[in-house]
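Coordinate-derived values only; no laboratory data. Note that the structure is predicted; figures quoted are calculated from it, not measured. All Cβ positions, even for glycine, are placed from backbone atoms using ideal geometry, and neighbour counts span all protein chains on display.
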Amino acid sequence: MRTSPKHQNPATIRRLYDQPVKENDPFNLSRIQMLDNNASSDTGVQGTNVSFQTCKDQVFTLESSMAGAGFVAYDSPSAVSISSSRSPFSPHGSQSCLSDPRPSPDNTYGSPYSGSSVVDDSNKLKHKLRELELSLLGPESDTVDSCNGCFITGDHQAASMASFNCAQLVDLVPKFNLKQILVACGQALHDDDMLTVTGLMHVLEKMVSVSGEPIQRLGAYVLEGLRARLESSGSNIYRALKCKEPTSSELMSYMHILFRICPYWKFAYTSGNVVIKEVLEYEGKIHIIDFQIAQGTQWMFLIAALAKRPGGPPSIRITGIDDSQSNHARGGGLHIVGQRLSEFARSYNVSFEFHDAAMSGCEIQLEHLKVQPGEALAVNLPYVLHHMPDESVSIWNHRDRLLRLVKSLSPKVVTLTEQESNTNTSPFFSRYLETLDYYSAMFESIDVACPRDDKQRINAEQHCVARDIVNMIACEGPERVERHELHGKWRSRFMMAGFSQYPLSSSVTMAVRDMLKEYDHNYRLEEREGALYLGWVNRAMATFSAWR
């Protein structure tokens, strides 16, 4: 989540190294074979709890472009404060929340929130709340003014708040589960029914917990988003939400946890490296433009692979794009990335050059990219385009402008990874339902990998996931930077910019499937419409595609 109209780049789940460093493998790459499809194992770790005790000989490499954000880890969501500095993946419309067009009886994440039964339940709940209001306050309550979306004020408000106590509400809704109450609260807010919103938020306070079940943890951050939306709006929202940022080392530790237990960024790295290696394998001069360079770890694996090719390695030049706020998370500027990659390339006897462009993707112009004649160009867009405003936000439409700029460079290949979610142009309630659906699946996927009471896991979710949720619920206009689109929309944008889709080979699918053996069996991989879909159970979470 960001406070500035400058739209900066995300990072939620990036690769870090978690094995002790070996003297003969200073960059600790030997155990990860992202490009070697023949090295697959028949068995994998599935559903295993992960310990996060930090060893002094482990290498923690932050793959994040975020500056810090902070939540105070209390079960009471009212104690949770949200920093406004950055927005993670994070992992990411106006269409249905259904991500899988072929629903099945066990489709847990085919957008249960958007189904008519859940909405009907929320209407019943609102009706019961209205009956309670009338019994407590009398028919005068029919004239309560919602003050255009603000809390009701005056003596009537005091009477309402005094009578609408939490105990009565909890007694009123015993048959409604937490999901239904979350939906009902969002619908009441959409309908400007502030008395119902206030009452349901009191109920939610007693039901949510940052150390509870996945839906309870999600509910804690959704509740904070609802509060933030009520307290302010638009560009003013984060001026009322301030907290101390974690240190870069703390943030690195939080990110490290998610990088280990979730495959979302490894999905982007693995797919992108296989495609780029295939396309550029016989080129003598390679230039990679990475619009989300972070620590540059992805390119270590590609450099190592290209160094082994017959006839010797190519010369490689990388342009890393990153905004200034990433300095906090990384502990310094892009020169740190350049030094690290240069040292790695030297260890493999690869001719290497690094060029940094310390600015957001929205600010990039042709002269910043330093493209030279005779280079084979690859462009990497991992979880970054959805943070750029489109025509619904700005007349500049940086989302499509950037695609046209990239096309003008005549790249050999462009790799795109995005969250498979639909929150860009949809109205509040549709976006709210989609947020519940998507992040229910994400919290479930995190839940299988580590204990619920793990303090580091709590910190990781609060610092690295919750800000997306709050941003999508609380913000509108330029302040809402989490604007995801489904793959079909991205395909339309790329084709309008003059691109054609690059067909993915079986090697890409094999490499990703091999990578997923490290994770729970509920992660799914499917190829359709020329793209790879990474899912949790039956909910698509991210897509990868390649373009030329």
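Work out, step by step, the length gained on full extension between SER410 and GLU213: first 0.36 nm times the residue separation, then minus their alpha carbon distance; give nm to one decimal.
Numbers: separation 197, 0.36 × 197 = 70.92 nm, distance 4.86 nm.
Full extension from SER410 to GLU213 adds 66.1 nm.
Shown here for segment 269-336: chymotrypsin sites (Phe, Trp or Tyr not before Pro) in loop regions (DSSP other than H, G, I, E, B) with at most 15 other Cβ atoms within 10 Å, namely TYR282.
So who's got an amide H within less than 5 Å of the one on ALA376, skipping anything under 5 residues away but keeping other chains? H placed 1.01 Å off N, in plane. Distant-sequence amide H within range of ALA376: LYS285, ILE286, HIS287.
Over 31 Å between Cα atoms: which of LYS277/LYS455; LYS308/LYS455; LYS308/LYS412; LYS206/LYS266 fall into that group? Could you put the intermediate results ahead of the total?
Details: LYS277/LYS455 40 Å; LYS308/LYS455 42 Å; LYS308/LYS412 21 Å; LYS206/LYS266 37 Å.
The answer is LYS277/LYS455; LYS308/LYS455; LYS206/LYS266.
Full extension of the chain between GLN365 and ILE395 yields a length gain of 9.1 nm, computed as 0.36 nm times the residue separation minus the alpha carbon distance. Can you tell me, using C-alpha contacts under 8 Å and at least 6 residues apart, the relative contact order of segment 358-402 as a whole percent? Contact order relative to length: 41 percent.
To the nearest 20 Debye, how big is the dipole of segment 240-317 about its Cα centre, given +1 on the beta carbon of each Lys and Arg and -1 on that of each Asp and Glu? Show your work: numbers first, answer last.
Values: 9 positive and 6 negative charges, 19 e Å.
With Lys and Arg at +1 and Asp and Glu at -1, about 100 debye.
Backbone amide hydrogens, once placed in the peptide plane, bring TRP536 within less than 5 Å of ARG524, MET541, excluding anything fewer than 5 places away on its chain.
With the simple model of a label 7 Å out from the Cα in the direction of the Cβ, SER315 to GLU250 spans 4.6 nm.
If you place +1 on the Cβ of every Lys and Arg and -1 on the Cβ of every Asp and Glu, how big does the dipole about the Cα centre of segment 366-475 come out, in debye to the nearest 20?
Numbers: 11 positive and 15 negative charges, 88 e Å.
Dipole size: approximately 420 debye.
Taking a sphere under 13 Å around the Cβ of ARG548 and counting the other residues whose Cβ falls inside, with K and R at +1 and D and E at -1, yields a net charge of +1. Based on Cα contacts under 8 Å between residues 6+ apart, segment 372-431 shows a relative contact order of 45 percent. Spacing of the modelled spin labels on GLU231 and GLU529, each 7 Å from Cα toward Cβ, amounts to 3.8 nm.
For GLN339 and MET495 in one chain, what is 0.36 nm times their gap in residues minus the Cα-Cα distance, to one decimal in nm? Mind dumping the intermediate values first?
Details: separation 156, 0.36 × 156 = 56.16 nm, distance 3.68 nm.
Length gained between GLN339 and MET495: 52.5 nm.
Length, then width, then depth: along the principal axes, the Cα atoms of segment 249-351 run 44, 28, 23 Å.
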